[in-house]
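The values are calculated or read from the model by the stated rules, or taken from the named source; none is laboratory data. Keep in mind that this is a model prediction, so the values were computed, not measured. Glycine also receives a Cβ, built like all others from the backbone with ideal geometry; neighbour counts cover every protein chain displayed. Protein only, heavy atoms only, side chains kept; ligands, DNA and RNA dropped before computing areas. Shrake-Rupley method; radii C 1.70, N 1.55, O 1.52, S 1.80 Å.
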Amino acid sequence: MPEPVYISAADSYALRGWVWRRPCVSSSHPGPVVIINTATSVRCRYYMPFADYLYQQGWDVVTYDYRGIGDSRHHSLRKLKADWIDWGQHDFEGVLRYVARRFPGELRYRPRKETCNDN
């Protein structure tokens, strides 16, 4: 069952999200964690079935609404001075920091290998 959470963006904007956390995680053998970044203007609740599936497969999962979207919308969008760059620079950065604190040893970054065929 997911747990509702508040996450502070890098610029302190309060974001609302959900966490699926396995109850018994050994600190010496941390498991994987997935952060689901939503599509533009899509509420994180849309991804709950996918997050549930990942959790059932043994992953911890974090998903959240970007500022101004869904449960992270505090005021009228007309008053919101933010755009998609803020979502990446501030919101996602805050979520990365939250995950690093809440899931020590679990956050791993694996860059995607780019290949180029010059043939």
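Summary of computed values
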{"quantity": "Ordering of 88-99, 59-70 by packing [mean C-beta count within 10 Å, highest first]", "calculated": "59-70, 88-99"}
{"quantity": "FRET efficiency estimate (nearest 0.05) - Cβ-Cβ, Gln56 to Leu77, R0 25 angstrom", "calculated": "0.10"}
{"quantity": "Residue-normalised accessible area of segment 47-102, expressed per residue, 1.4 Å probe, Å²", "calculated": "60"}
{"quantity": "Placed amide H near Val34: partners under 5 Å, 5+ positions off or other chain", "calculated": "Asp60, Val61, Val62"}
{"quantity": "19 Å cut-off, amide nitrogen to a point 7 angstrom out along Ser41 Cα→Cβ, residues in segment 82-102", "calculated": "82-88"}
